[in-house]
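One structure is given below, represented as structure tokens, and several questions about it will come after.
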Amino acid sequence: YTLTYSATDAAGNEGTATRTVTVVDTTAPVVTVTGDTSVTVELGSTYSDAGATADGGETVTTSGSVDVNTVGTYTISYSATDAAGNEGTATRTVTVVDTTAPVITVTGDNPATVELGSTYSDAGATADGGETVTTSGSVDVNTVGTYTLTYSATDAAGNEGTATRTVTVVDTTAPVITVTGD
């Protein structure tokens, strides 16, 4: 835009000056993330991005992805460009975590009963993710009582799952009476 200034003195002499005013748009659109800017998602679940909006109604472009099958931190970026070429950006951080413990399934009877003096062979347990299951506890088949075996497994993320089996040693065998003499 050009502004012209003019002045006339008492003798009728006119002077002029001009000023050029340039109006520019240097303000980037404000991009607002919809929902939380930091999100946590459980490993193996689904993630649906909520997107973002721009204050001037500009189209928002999204880049980045989230692999819900791999633990880690992911960044989703949003950008919008206005008619003057100004670009506004925003980001969302998505963290995929594994907080789910392995599920331990006890194999065989639980509770189990074993006769006093017999042998007991533990059937063990399995973990749903194929993790190694360790057993703690023992059963004294020579002493009547209730015993607890504990099975545990730890996944790659350090989550530990446990399960137990109760084994009861009972004495249901009547004594054998031997008659001596005639």
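If I go through the stretch 57-96 residue by residue, how many of them are in contact with a Pro (Cβ under 6 Å, 6 or more places away or on another chain) and closer than 10 Å to Val31 by Cβ?
Taking the stretch 57-96 as the starting set, the residues that turn out to be in contact with a Pro (Cβ under 6 Å, 6 or more places away or on another chain) are 58, 80, 82, 88.
Now drop any that are not closer than 10 Å to Val31 by Cβ, which leaves 58, 80, 88.
Residues meeting the conditions: 3.
Sticking with this one: Can you tell me which residue within the stretch 147-182, out of those that are touching a Pro at 6+ places or on another chain (Cβ under 9 Å) and part of a loop (DSSP other than H, G, I, E, B), is farthest from Val97 (Cα to Cα)?
Asp155
Just a yes or no: is a residue in the stretch 77-90 touching a Phe, Trp or Tyr at 6+ places or on another chain (Cβ under 7 Å), surrounded by 13 or more Cβ atoms within 10 Å (Cβ to Cβ) and hydroxyl-bearing (Ser, Thr, Tyr)?
There is at least one residue in the stretch 77-90 that is touching a Phe, Trp or Tyr at 6+ places or on another chain (Cβ under 7 Å), surrounded by 13 or more Cβ atoms within 10 Å (Cβ to Cβ) and hydroxyl-bearing (Ser, Thr, Tyr).
Could you say which residue among Val31, Val97 is open to solvent by less than 60 Å² (accessible area, probe 1.4 Å), more than 30 Å from Thr154 (Cβ to Cβ) and of a type in the set (Val, Ile, Thr)?
Just a single option satisfies the conditions, and that option is Val31.
Enumerate the pairs (first residue in the stretch 46-60 and farther than 10 Å from Val33 by Cα; second residue anywhere and surrounded by fewer than 10 Cβ atoms within 10 Å (Cβ to Cβ) and not polar (S, T, N, Q)) with beta-carbon separation below 9 Å, excluding pairs fewer than 6 apart on the same chain, so at least 6 apart or on different chains.
Every condition considered, the pairs that remain are Gly56/Ala83; Glu58/Ala83.
Being at pLDDT below 95 and either among the aliphatic types (A, V, I, L, M) or crowded, with 19+ Cβ neighbours inside 10 Å (or both): is that true of Ala123 here?
When the stated conditions are applied, Ala123 does not pass them.
Given Val106, Val133, Val114, which one is over 27 Å from the mean Cα position of the chain (by Cα) and closer than 18 Å to Ala153 by Cα?
Unique residue meeting the criteria: Val106.
Given (1) surrounded by 15 or more Cβ atoms within 10 Å (Cβ to Cβ); (2) in contact (Cβ under 8 Å) with a residue 40 or more places away in the chain, identify the lone condition not met by Val68.
(2)
When you go through (1) surrounded by fewer than 14 Cβ atoms within 10 Å (Cβ to Cβ); (2) farther than 30 Å from Thr37 by Cα; (3) touching a strand residue (DSSP E or B) at 6+ places or on another chain (Cβ under 7 Å) one by one for Gly108, which number turns out not to apply?
So Gly108 meets the others, but not (3).
In addition: Mind telling me which of the residues Thr172, Thr168 ends up being touching a strand residue (DSSP E or B) at 6+ places or on another chain (Cβ under 9 Å), β-branched (Val, Ile, Thr), in contact (Cβ under 8 Å) with a residue 12 or more places away in the chain and surrounded by 13 or more Cβ atoms within 10 Å (Cβ to Cβ)?
Thr168
Would you tally the residues in the stretch 10-19 being open to solvent by 80 Å² or more (accessible area, probe 1.4 Å) and assigned to a loop (DSSP other than H, G, I, E, B)? Reasoning before the result, please.
Start the filter on the stretch 10-19 by keeping residues that are open to solvent by 80 Å² or more (accessible area, probe 1.4 Å), which leaves 10-11, 13-14, 16, 18-19.
Checking the rest, the ones that are also assigned to a loop (DSSP other than H, G, I, E, B) come to 10-11, 13.
Residues that pass the stated criteria total 3.
The values are calculated or read from the model by the stated rules, or taken from the named source; none is laboratory data. Since the structure is predicted, the reported quantities are computational estimates derived from the model, not experimental observations. A quick note on method: Cβ atoms are made from the backbone with ideal geometry, for glycine too, and the neighbour counts reach across all protein chains shown. These area figures cover heavy atoms from the full protein model, side chains too; ligands, DNA and RNA do not enter into them. Shrake-Rupley method; radii C 1.70, N 1.55, O 1.52, S 1.80 Å.
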